[in-house]
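Written out below as structure tokens is the structure these notes cover.
The values are calculated or read from the model by the stated rules, or taken from the named source; none is laboratory data. As the structure is a prediction and not an experimental result, all values here were calculated from the model. Reconstructed Cβ throughout: ideal geometry from the backbone, glycine too, with neighbour counts over all protein chains shown.
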Amino acid sequence: MKVSVNWIKEYMPDFPVNDQVDAQKVADRLALTSTEVAENGYQIPQSSNLVVGKVLEIRTIENSSHLKIAIVNAGKKDYQIVTGAPNIEKNQLVVLALPGALLPNGKKIEATTLDGEISQGMLVSLQEIGFDDSIAPKKHEAGIYVFPKDNDVKVGDDAVKALGIDDLMIDTELTANRGDMLSIRGNLYEFSALLEKEFKLPSLDLQESSKLSKSQISVNVDPKLADRYYLRIINNVKVEESPLWLQRRLWNSGLRPINNLVDVTNYVMLLFGQPMHAFDLNKLEHKNIRVALSKDEKFKTLDGKTHQLKDGEDIVVYDDEEPQMLAGVMGGTKSEVTEKTRDVVLESAVFNPILVRKTARRFNLHSQASQRFERGIDISNCKNALNFAAALLQEVAGGEIAKGIIAGLDDQSSDKKIKISLSDINNYSGTDVKLAEVENIWQRLNFEYDLSGEEFVVSIPKRRPDITIKADLIEEFVRIYGYEKVPARLPQTVNKQSGLTVDEKLDRAIKNVLLGLGLNQAISYSLTDTEAAGTFTLGKGDEVSLSHPMSQEHSVMRQSILSTLLQAASYNAVREADDIRLFESGTVFFKQNGVQLPKEDHQVAGLISGVPNSNWQHNQKKYDFYYIKGILESFLSSLALKSIISYQASDQHKEMHPGRTADVYVGDHYLGFVGQINPKISKKYKMNSVFVFQIDSDLVHELYKMNQDYTPLDKFPGTERDLSLLVDKKIESAEIERVIKANAGNYLRKLQVIDLYQGKELGEDKKSISYRLDFVNTQATITDAQVNQSIKRIEGELTKQLSIMVR
């Protein structure tokens, strides 16, 4: 909230802020005890050489279609100003920028000649002196600013001071539990406690007429939807521009002045933290206010948008059966106050915060009112705020206040009481304070209490709904007492044997292996958009969507790690990263039929793209399928899974390249896939060739050999044989390796491809593949006869099964 220093000083005259240095000191104190402060300074940038001027005369300029000459008195001197303002009139009080004036946009005003006439300055609009469009009154948006008739300024006054924009603001960023500080009144209590300063609460005398309120309107409120609900009626008001002092308060607080009726409700909201709404009584056809849950109906709010309400989901204020307001969020157009309004119904209520929050989120209508209702407001001040608003409205808009408040709900429950002892405070906080110190802090907080021995019974005022238990009260004491005074002590711990579980050890091993293979760990959001959520999936299941997503880009839970890992890679690629190597181990989510919570699976995915970092040999070889497959093979090999790992070409993954993708199996178990992402998808993510793998981490955990059988190092030497084969291009290496392993016997230790050659001399449909076979006998030195027998058997089966010629 933007807290006005001048407004605070109106009720706390010795508030110790006179400049930005003082404001920073108070902001630092707030940050240490209460809430963060976004910034402190001026709501409107400060300009120089701006004065209040009076238009004495207006002349036309010959042959000029829109420029005029205005003679403006600035107190001691008259100035000739050439202006094109369409709204200028004689006797107006305006803002005059004198020669030498410096405006916030850096523009310096100098005397100049326009259409042959001398212009000794400029008449300015509010926007030209730094007002944002959202806070500048609409009345003057097409021309210069004109001071309202009800003002306290004089010709020649400094216009910055006259507009009140020399007011320092302390902009607090409140947490959800400190809704009490969303008002000047709440901040007065807070500053009083922190600075030990006295203040007086705002008040106005209320003068009622003899006309009864209850004869003009009736009210009925569902007690489940509100804690308090009051109405007052003011008859015969005159709707017009608000006086200048009221406009100053609003635009310095970031609100746009509208008219005196609306401005009063906003002023009271800022002052007391009590949102209010004004209805045009004569537009309420039935004069029967009802607060009830919504029906299936359409409702048009004051922002001009039409919303489809659902049965039983939102609090609505009805006139009989006609919806008039989304309670606690925004009013409707049917009973909107206008310049023709004569009789006003003022509403002051405390609506159910949970339902208000849901409505604001559902329709994305986060208003100043909903912000306060959601955090909880002072229910004990609801009626007082209404009376203040009625008296103020009578002051600025005339009229007669009808006799009596119409109460829909008027629960007068007492304040909550919490018992707490001196030992409670000292034991919890580690302090050694005395009774007098505790009493002093309760008094500074304006908490009433009873003391018996060393036990307090503290009455928690309704302005502080965040204090509900003893721990909250201790927190209040400590923050006012001073966190810096609390002694630093190490927490007590229990010496308990602990360690990692098998799954935790494996997760760490997976991370360390992939890091060792040159990949960088990524941690991406589990939330993504509906288009990406179902891509690269290993399992089947419906997507899990959020009921109230913060954005469409984060509206559903991911069903594959690659869907979000690819987004992270794309983020790096568009920022010209040319060597992208990422992996992630995380959770994916699927909806379960008949079960509220989703099913959670775990996956590991890796991604490479671009060119490996070049070395002094200027090696610019790009990543390819074999690079990512090699990473996956090394990773799986390090895990020492019991079953044989195999790869089978696959064109069943729509997001993957159909000719450069393989499914991965551990024995008969499907583990995942490895390959190149479809170029169309890579292009969509603004990337070149992208190579990935994604495997089922849960299956890896299941198959992992925790208790491995270790064998001693070989005592006897082995031998190697190379096997060169001429094969058809369509035959995959994996099929050849399967035949070799099946017929090599018990002594084959290792099999690897060492060469691949394709050339015209072999034929267009032929290729040459060379393998190296390592043989070892663990019991004795292996003989050539044993190896020859294995090679002969292998060659025979390769020729028989695959028609391969041994070269």
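From the list K792, K760, pick out the single residue that is modelled with pLDDT of 90 or more, of a type in the set (D, E, K, R) and farther than 30 Å from S634 by Cβ.
Details: K760 fails: modelled with pLDDT of 90 or more.
None of the others qualify; the one that does is K792.
As a summary of the residue check, I118 satisfies the conditions (1) buried (at least 16 other Cβ atoms within 10 Å of the Cβ); (2) assigned to a strand (DSSP E or B) except for the one numbered (1).
Residue by residue through segment 445-471, note down the ones that are without any contact (Cβ under 8 Å) to a residue 40 or more places away in the chain and either closer than 22 Å to T175 by Cβ or hydroxyl-bearing (S, T, Y) (or both).
First pass over segment 445-471, keeping only residues without any contact (Cβ under 8 Å) to a residue 40 or more places away in the chain: 447-456.
Once the filter is applied, which keeps residues that are without any contact (Cβ under 8 Å) to a residue 40 or more places away in the chain and either closer than 22 Å to T175 by Cβ or hydroxyl-bearing (S, T, Y) (or both), segment 445-471 yields F447, Y449, S452.
Write out, first by first residue and then by second, each pair whose Cβ atoms fall under 6 Å of each other, whose residues are 6+ apart or on separate chains, and whose first residue, in segment 13-26, is assigned by TED's automatic domain parsing to the domain that holds E39 and at pLDDT below 95 while the second is among the β-branched types (V, I, T) and part of a loop (DSSP other than H, G, I, E, B). Final answer for the pair search is A23/V17; V26/V17. Whether any residue in segment 238-254 is under 33 Å from the mean Cα position of the chain (by Cα) and either surrounded by fewer than 20 Cβ atoms within 10 Å (Cβ to Cβ) or assigned by TED's automatic domain parsing to the domain that holds D152 (or both) is what I want to check. Yes, because at least one residue in segment 238-254 is under 33 Å from the mean Cα position of the chain (by Cα) and either surrounded by fewer than 20 Cβ atoms within 10 Å (Cβ to Cβ) or assigned by TED's automatic domain parsing to the domain that holds D152 (or both). Note on segment 301-329: residues that are assigned to a strand (DSSP E or B) and either within 26 Å of R232 (Cβ to Cβ) or of a type in the set (V, I, T) (or both) amount to 12.
Table: residues versus (1) exposed (fewer than 15 other Cβ atoms within 10 Å of the Cβ); (2) under 23 Å from V146 (Cα atoms).
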residue: K9; (1), (2): no, no
residue: P13; (1), (2): yes, no
residue: V21; (1), (2): yes, no
residue: V26; (1), (2): no, no
residue: I44; (1), (2): no, yes
residue: K54; (1), (2): no, yes
residue: E57; (1), (2): yes, yes
residue: H66; (1), (2): yes, yes
residue: I71; (1), (2): no, yes
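Does D157 satisfy being in the same structural domain as D14 (by TED's automatic domain parsing) and touching a strand residue (DSSP E or B) at 6+ places or on another chain (Cβ under 6 Å)? Spelling it out, it is not the case that D157 is in the same structural domain as D14 (by TED's automatic domain parsing) and touching a strand residue (DSSP E or B) at 6+ places or on another chain (Cβ under 6 Å).
Name the residue, out of S563, S526, that is buried (at least 18 other Cβ atoms within 10 Å of the Cβ), in contact with a strand residue (DSSP E or B) (Cβ under 8 Å, 6 or more places away or on another chain) and among the polar types (S, T, N, Q).
Working: S526 fails: buried (at least 18 other Cβ atoms within 10 Å of the Cβ).
Residue meeting the stated conditions: S563.
Exactly one residue out of E702, E732, E655 is surrounded by fewer than 17 Cβ atoms within 10 Å (Cβ to Cβ) and under 24 Å from Q559 (Cα atoms), and it is E702. Only one of the numbered conditions (1) part of a strand (DSSP E or B); (2) surrounded by 19 or more Cβ atoms within 10 Å (Cβ to Cβ); (3) polar (S, T, N, Q) is not met by S459, and that is (2). For segment 172-179, the count of residues that are surrounded by 16 or more Cβ atoms within 10 Å (Cβ to Cβ), assigned to a helix (DSSP H, G or I) and outside the structural domain of A74 (by TED's automatic domain parsing) is nonzero. Among the residues of segment 510-525, those identified as farther than 24 Å from E702 by Cα and polar (S, T, N, Q) are N520, S524.
When segment 466-477 is filtered for residues that are farther than 20 Å from L30 by Cβ, surrounded by fewer than 20 Cβ atoms within 10 Å (Cβ to Cβ) and of a type outside the set (V, I, T), the ones remaining, listed by number, are K470, A471. The set of residues from segment 270-300 being in contact with a Lys or Arg (Cβ under 7 Å, 6 or more places away or on another chain) and in a loop (DSSP other than H, G, I, E, B) comprises G273, P275, S294, D296. Considering the conditions (1) within 28 Å of Y145 (Cα to Cα); (2) of a type in the set (S, T, N, Q); (3) in a helix (DSSP H, G or I), N87 is excluded by exactly one of them, (3).
Per-residue answers, yes or no, for (1) assigned to a loop (DSSP other than H, G, I, E, B); (2) outside the structural domain of G541 (by TED's automatic domain parsing); (3) without any contact (Cβ under 8 Å) to a residue 12 or more places away in the chain:
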| site | (1), (2), (3) |
| --- | --- |
| L597 | yes, no, yes |
| E600 | no, no, no |
| K621 | yes, no, yes |
| I628 | no, no, no |
| L632 | no, no, no |
| S638 | no, no, no |
| L641 | yes, no, no |
| Q648 | no, no, no |
| Q652 | yes, no, yes |
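Go through segment 51-82 residue by residue and tally those that are touching a residue at least 40 places away in the same chain (Cβ under 8 Å) and not in a strand (DSSP E or B). So that I can check it myself, show each step before the final result.
Initially, segment 51-82 is screened for residues touching a residue at least 40 places away in the same chain (Cβ under 8 Å), giving 51-54, 61, 63-64, 67, 69-70, 72-76, 79-81.
This time we only want the ones that are not in a strand (DSSP E or B), so: 61, 63-64, 67, 74-76.
So the answer is 7.
Just so you know, in segment 541-591 the residues that are aliphatic (A, V, I, L, M) and assigned to a helix (DSSP H, G or I) include one that is farthest from L527 (Cα to Cα), and it is A573. Screening segment 711-752 for residues that are small (G, A, S) and over 56 Å from the mean Cα position of the chain (by Cα) and picking the one that is nearest to M805 (Cα to Cα) gives S724.
The set of residues in segment 95-110 that are closer than 23 Å to G164 by Cβ and in a strand (DSSP E or B) comprises V95, L96, A97, L102.
Is it the case, given these coordinates, that G516 is out of contact with any strand residue (DSSP E or B) (no Cβ under 7 Å at 6 or more places or on another chain), without any contact (Cβ under 8 Å) to a residue 12 or more places away in the chain and over 30 Å from F447 (Cα atoms)? Reasoning before the result, please.
Working: out of contact with any strand residue (DSSP E or B) (no Cβ under 7 Å at 6 or more places or on another chain): yes; without any contact (Cβ under 8 Å) to a residue 12 or more places away in the chain: yes; over 30 Å from F447 (Cα atoms): yes.
Spelling it out, G516 is indeed out of contact with any strand residue (DSSP E or B) (no Cβ under 7 Å at 6 or more places or on another chain), without any contact (Cβ under 8 Å) to a residue 12 or more places away in the chain and over 30 Å from F447 (Cα atoms).
With respect to the conditions (1) surrounded by fewer than 20 Cβ atoms within 10 Å (Cβ to Cβ); (2) assigned by TED's automatic domain parsing to the domain that holds A31; (3) of a type in the set (S, T, Y), T113 falls short on a single one, namely (2).
The residue that is surrounded by the fewest Cβ atoms within 10 Å (Cβ to Cβ), counting only those in segment 225-237 that are in a loop (DSSP other than H, G, I, E, B) and more than 30 Å from the chain's Cα centre (by Cα), is N236. The listed residues are K767, K683, and the only one of them that is modelled with pLDDT of 90 or more, crowded, with 18+ Cβ neighbours inside 10 Å, of a type in the set (K, R) and outside any loop (DSSP other than H, G, I, E, B) turns out to be K767.
Of the listed requirements (1) under 30 Å from the mean Cα position of the chain (by Cα); (2) modelled with pLDDT of 95 or more, K298 misses just one: (2).
Go through segment 446-456 and report how many residues are surrounded by fewer than 20 Cβ atoms within 10 Å (Cβ to Cβ) and of a type in the set (A, V, I, L, M, F, W, C). Break it down stepwise before answering.
Taking segment 446-456 as the starting set, the residues that turn out to be surrounded by fewer than 20 Cβ atoms within 10 Å (Cβ to Cβ) are 446, 448-455.
Keeping just the survivors that are of a type in the set (A, V, I, L, M, F, W, C) gives 451.
Count: 1.
Just one of the numbered conditions (1) in contact with a Lys or Arg (Cβ under 9 Å, 6 or more places away or on another chain); (2) over 21 Å from I118 (Cα atoms) is not true of A74: (2).
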